Amino acid sequence: MQLEKYPFAVLEDRVAQMRQAGEDVIDLGVGSPKLEVPDVVVEAAQQGLLRHRRSGYPQYEGSKVFREAAAQFLERRFGVKADPTGNIIAAIGSKELIFHLPFALLDAGDAALVTSPGYAPAWRGVHFAGGVAHILPLRKENGFLPDLSAVPQAILNRARYLYINYPSNPTTRVAPSDFLEEAVAFCRRHNLWLVSDEAYIDIWFKEKPKSALQFGLDGIISVFSLSKRSLMANYRIGFAAGDERLIKALRRLKTNIDSGPPDFVQDAAAAALLDEKHSEKLRLMWRQMADVLLDGLRSAGLSPLEPEGTFYIWCEVKENDVDFALKLLERTGVVCMPGSWLCAGGDRSGAGWVRFALVEPFERIEEAAARLKAKKVV
């Protein structure tokens, strides 16, 4: 298999050139927060390092402390009762889980239904596993929800699971309860697993998102990330929860791939999952950041959507999105991500859109907005 260069890396190369030339670049392209990790995380990590001075490899499925904290989080946040032993497994970040899941669920030639634009590991993992990714486009006219009724019967006959991501990267859409109910019913009707990527579930601005797990664990696995909820991107920690059969399949796979997240990182993540104060504070911060950047984008003559969740802004442009992103970078020093770079294969549903990631400190978001206001870009 010939590997494509990850699109983010292409943009990073140009940004690096500009910075080497002494230009001040504000990078709102890649969704990697450059913000301070909450004290509750740092303190628990420090204590964990001392606690685990003498320790071997971590447990494949995650420590008891971490899995119990995850179970408490699920019950407190969603009213979902999950057995820490049978229904939860730790991961080295949600990216690892999403990319590797097809190896546990697919045989060569099997299909997976995957939404686009979105998170590239969701379809690239399918390709690496020898499967076929059938792409479900997310378009404005459909409310950025996949049309499940449009999946051909021939694909359904080969499909093993449906992957969805809400709150959505990049569209920021929060899935309505009736859509989640429809997706669960669709999967059960067609004997599919439902894989629900809920990495941004704690970042919302209007309607509080539901988890797919609230419709029962049978046939469902939800993937969670501490990178977003608690700014632990550098720690590499997440977890999956759901149907015990899926958790067992992932455990069998992971015994061949990795040795689990470090115990002190799991201690820090457990503390983060048990604390709501820092999560609420971050959500309010991102709401303020979004308001500032929305004002700058609108002043520049652009048409951003009002975000429903995540730390992104999804903005429609009237020209080629790659050309626009390059023009914006040269004129303002502000980086955004072309929507077409967030699409799978031949899908073009992200073309004509760009994504702004609210990942810089607040004062840098204000500076980006000021630059946009100073220079019309349409």
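The charge dipole of the chain, taken about its Cα centre with unit charges on the Cβ of Lys, Arg, Asp and Glu (plus for the first two, minus for the last two), comes to roughly 300 debye.
If the segment from Thr255 to Glu182 were pulled out straight at 0.36 nm per residue, it would be longer than the present Cα-Cα gap by 22.9 nm. Going from the residue with the fewest nearby Cβ atoms within 10 Å to the one with the most, Glu306, Glu182 rank Glu306, Glu182.
Model label points for Lys373 and Arg54, set 7 angstrom from Cα along the Cα-to-Cβ axis, are 6.1 nm apart. Indicate the gyration tensor shape class of segment 1-154 (rounded, prolate or oblate), computed on the Cα atoms with a ≥ b ≥ c the square roots of the eigenvalues: a/c under 1.5 is rounded; otherwise a/b larger than b/c is prolate and the rest oblate. Verdict is oblate for segment 1-154. Potential lengthening of the chain between Glu306 and Glu244 amounts to 18.6 nm, from the contour at 0.36 nm per residue minus the alpha-carbon distance. Only helices reaching 24 angstrom along their own axis (Cα) with mean Kyte-Doolittle hydropathy no lower than -1.0 count here, and for the DSSP H runs of the chain these are 277-299.
When the GluC sites (Glu not before Pro) in segment 290-368 are filtered for DSSP coil states and for at most 15 other beta-carbon atoms within 10 Å of their beta-carbon, the remaining sites are Glu319.
Using helices alone, what [θ] at 222 nm do you get for the chain, with -39,500 (n - 2.57) per DSSP H run of 4 or more residues, divided over all residues and rounded to the nearest 500?
Numbers: 13 runs with 155 residues, N = 378.
When only DSSP H runs of four or more count, the value is -12500 deg cm²/dmol.
Going 7 Å from the Cα of Gln288 along its beta-carbon direction, which residues of segment 355-371 have the amide nitrogen within less than 17 Å of the resulting point? Within reach of a label on Gln288: 358-370.
Just in segment 4-89: which GluC sites (Glu not before Pro) are loop by DSSP and have at most 12 other Cβ atoms within 10 Å?
Glu4, Glu23, Glu36
Less than 5 angstrom separates the built amide H of Ala111 from those of Val132, Ala159, Arg160, all sequence-distant by 5 or more or on a different chain. A straight chain from Glu36 to Asp147 at 0.36 nm per residue would run longer than the Cα-Cα distance by 36.0 nm.
Checking the table Lys228/Lys277; Lys34/Lys277; Lys318/Lys375; Lys228/Lys373 against a 24 Å threshold on Cα-Cα, which pairs fail? The answer is Lys228/Lys373.
When the chain is described by a simple charge dipole with +1 on each Lys and Arg Cβ and -1 on each Asp and Glu Cβ, the residue from Met337, Ala91, Ala249 located farthest towards its positive end is Ala249. Note on Asp107/Leu326: beta-carbon distance plugged into 1/(1 + (r/R0)^6) with R0 of 45 Å gives a FRET efficiency of 0.60. The loop-placed trypsin sites (Lys or Arg not before Pro) in segment 41-119, going by DSSP, that have at most 12 neighbouring Cβ atoms within 10 Å of their Cβ come out as Arg53, Arg54, Lys81.
Placing pseudo-labels 7 Å out from each Cα toward the beta carbon at Ala16 and Asp218 gives an inter-label distance of 5.2 nm. Which pairs break 24 Å Cα to Cα here: Lys206/Lys376; Lys64/Lys210; Lys140/Lys208? With Cα atoms farther than 24 Å apart: Lys206/Lys376; Lys64/Lys210. In this simple spin-label approximation, Glu23 and Ile155 carry label points 7 Å from Cα along the Cα→Cβ vector, and these lie 3.9 nm apart.
Read-outs throughout are calculated quantities, based only on the coordinates presented, and are distinct from any laboratory measurement. Computed from a predicted structure; not experimentally measured. Here the Cβ is made from the backbone with ideal geometry for all residues, glycine too, and neighbour counts use every protein chain on show.
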